[in-house]
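Laboratory data are not the source of any read-out in this text; all were calculated from the coordinates shown. All figures in this text were calculated on a predicted structure; none of them were measured in a lab. FYI the Cβ positions are ideal-geometry reconstructions off the backbone, even for glycines, and counts take in every protein chain you see.
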Amino acid sequence: MVTDVVGTGTPTEYAHDDGSLLSLRGISKSFGAVQALRDVNFDVMPGKVTALVGDNGAGKSTLIKTISGIWQPSQGAMFWKGKPANVRTPRDADALGIATVYQDLALCDNLDIVQNMYLGHEELRFRLLDENKMEITARQVLTDLSVTTVQSIRQPVGSLSGGQRQAVAVARAVMRDAQLVVMDEPTAALGVSQTAQVLDLIRRLASRSIAVLVISHNLNDVFAVADRIAVLRLGHLVSSGPVENYDTQSTVELITTGTLNGVAADSGTEPGGDSSAPEG
């Protein structure tokens, strides 16, 4: 994997050591005349749940696709554990330890749980699939995440509930030693009990020292699990900081106007720490 810096910034310009797992500095992304991200400074801390919130068109999808290696930024630098990294492809992100669980989950309904968890990474023994080893490992990972509602790890994924499908997608990421799990709208279209299961799963990931980046429109879910909040508006990171510095009213105001009590919010986290966070 390439470990250089993209864009106009250099490691010296952006150099910092704040203990973050993932740091973005001066990230911008344009598609022709459309500026999707503008000078975004963003941190994800190890073992913490960071919620990324914003209205439709705020740049959330662009940001997570940049982190995941689908798109490369036009400018800026990405750091992983304090070292500069250029994630050119999803394979590069996977090699670092970044796993993304998109809203569609990328699961195959006609395959069972074990087959989905190992899809593209099957274990072989004497050039044949090692079904026994895959079953044992898949069952252990699900047990470690306290996923106990599935009847059999050999049942088709198409027969699972929305919460169970999320659990399988997350377990697949954990099994590949992900250190950062990005979850795009993980509770969208889920019922109350299934939402509770997914939120519990997020908490368990954090308890295993796995960083979680959650993109969500549901502020109730955000405040139920997040340790930190970052607010995007029109491609700008207008505020970020510990969750205790926010409440629902201030977060909604930042999402919709980019201001707090009529005062313009800061453009985001400056290198070295949070430069602005509203008092809750």
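Before moving on, here are some points about what is shown:
- Footprinting exposure proxy ranking of 118, 246, fewest other C-beta atoms within 10 angstrom first, gives 118, 246.
- With each label modelled as a point 7 angstrom along the Cα→C-beta vector, the residue 131-residue 176 pair spans 2.5 nm.
- Dipole of the chain [Lys/Arg +1, Asp/Glu -1 at C-beta], most positive-end residue of 159, 22, 236: 159
- Approximate shape of the chain as ellipsoid semi-axes (Cα gyration tensor, √5λ), whole Å, largest first: 33, 22, 15
- Rounded FRET efficiency, nearest 0.05, which uses the C-beta distance separating residue 192 from residue 88 and R0 of 30 Å: 0.15
- Selection from 121, 175, 145 lying farthest towards where the dipole of the chain points positive, charges on Cβ: 121
- Cβ crowding within 10 Å, taken as a proxy for footprinting-reagent exposure, orders 98, 67, 153 from fewest neighbours to most as 153, 67, 98.
- Here is how the number arises for the chain: DSSP H runs of 4 or more residues each give -39500 (n - 2.57), the sum is divided by the residue count, and the result at 222 nm is -8500 deg cm²/dmol.
- Under a model in which nothing but the beta-carbon of Lys, Arg (+1) and Asp, Glu (-1) is charged, region 5-139 shows a dipole of about 340 debye around its Cα centre.
- Averaging the Cα positions of each part gives two centres, and for region 69-97 and region 133-148 these lie 29 Å apart.
- Helix runs (DSSP H) in the chain reaching 15 Å along axis by Cα, Kyte-Doolittle at least 0.0: 162-175, 192-207
- For region 175-262, a simple Cβ point-charge model (Lys and Arg +1, Asp and Glu -1, everything else neutral) yields a dipole of about 220 debye relative to the Cα centre.
- The trypsin sites (Lys or Arg not before Pro) of region 96-174 meeting both criteria, a DSSP state outside H, G, I, E and B (loop) and at most 16 other C-beta atoms within 10 angstrom of the site's C-beta, are 127, 154.
- Over the chain, Cα pairs under 8 Å with separation of 6+ residues give a relative contact order of 25 percent.
- Residue with peak Gaussian network fluctuation, the chain [Cα springs, cutoff 10 Å], from 28, 250, 68: 250
- Total charge dipole magnitude, the chain, about the Cα centre, Cβ charges on Lys, Arg, Asp, Glu only, Debye to nearest 20: 660 debye
- Here the translational diffusion coefficient of region 144-268 follows from Stokes-Einstein with Rh set to the Kirkwood radius across Cα pairs; for 25 °C and 0.890 mPa s it amounts to 154 µm²/s.
- Inter-site label distance for residue 119 and residue 257 at 7 Å from Cα along Cβ, in nm: 4.5 nm
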